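Following: one structure in structure tokens, then a few remarks.
The values are calculated or read from the model by the stated rules, or taken from the named source; none is laboratory data. Only a predicted model underlies this, so the values are computations on that prediction, with no experimental measurement involved. Methodologically, a virtual Cβ is constructed for each residue, glycine included, from the backbone with ideal geometry; neighbour enumeration extends over all protein chains shown.
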């Protein structure tokens, strides 16, 4: 029977099961043979990773043709202006990286688990909710930096209908039948 998991990837954990440099990997949290990530999060990003041993499911979830919305929370340096938000929503297209515009809104600070290494509080910060329909390497970080608000913390909340739910960093759960069918 195929395996489908949602995992809350902690900060500074690789989205893979091995690392020659000795950094923390998924193997320290998930001991299920034969599963792979459907997409990745960079080392310094946190949040939802979906894993499975079903190759067709992984392709449907991570393939660029399928356009599942990916929802992120980004803590940025500075307080974005209305113009900055408008640029992120309408005008920021990174050549060779991004073909769709994003949906971006300024939000109140979310209730997230603390990071082991907190974001330094020497500048004012704000939180953005960002929905992408593609997910290229460092896309959110490049977008926010392009309008003058570097990303300090990045957490993926959802891919389509699959969400973190009540997971805490390092925890995983099996996907529901509904979540699997949504892909």
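Could you list all residues from the range 1-14 that are touching a strand residue (DSSP E or B) at 6+ places or on another chain (Cβ under 8 Å), in a loop (DSSP other than H, G, I, E, B) and closer than 17 Å to residue 116 by Cβ?
10, 11
For residue 40, are the conditions met, namely being free of Cβ contacts under 8 Å to residues at least 24 places away in the same chain and in a loop (DSSP other than H, G, I, E, B)?
no
Conditions (1) part of a strand (DSSP E or B); (2) without any contact (Cβ under 8 Å) to a residue 60 or more places away in the chain; (3) not assigned by TED's automatic domain parsing to the domain that holds residue 52, marked per residue:
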{"position": "118", "(1), (2), (3)": "no, yes, yes"}
{"position": "121", "(1), (2), (3)": "no, yes, yes"}
{"position": "128", "(1), (2), (3)": "yes, yes, yes"}
{"position": "140", "(1), (2), (3)": "no, no, yes"}
{"position": "144", "(1), (2), (3)": "no, no, yes"}
{"position": "148", "(1), (2), (3)": "no, no, yes"}
{"position": "155", "(1), (2), (3)": "yes, no, yes"}
{"position": "170", "(1), (2), (3)": "no, no, no"}
{"position": "178", "(1), (2), (3)": "no, yes, no"}
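Taking the range 18-34, which residues are at pLDDT 95 or above, within 24 Å of residue 56 (Cβ to Cβ) and assigned to a loop (DSSP other than H, G, I, E, B)?
Hit for the range 18-34 is 30, nothing else.
Does the range 89-97 contain at least one residue that is buried (at least 17 other Cβ atoms within 10 Å of the Cβ), in the same structural domain as residue 137 (by TED's automatic domain parsing), modelled with pLDDT of 85 or more and outside any loop (DSSP other than H, G, I, E, B)?
No, because not a single residue in the range 89-97 is buried (at least 17 other Cβ atoms within 10 Å of the Cβ), in the same structural domain as residue 137 (by TED's automatic domain parsing), modelled with pLDDT of 85 or more and outside any loop (DSSP other than H, G, I, E, B).
Identify the single condition in (1) in contact with a strand residue (DSSP E or B) (Cβ under 9 Å, 6 or more places away or on another chain); (2) at pLDDT 90 or above that residue 120 does not satisfy, given that it satisfies every other one.
(2)
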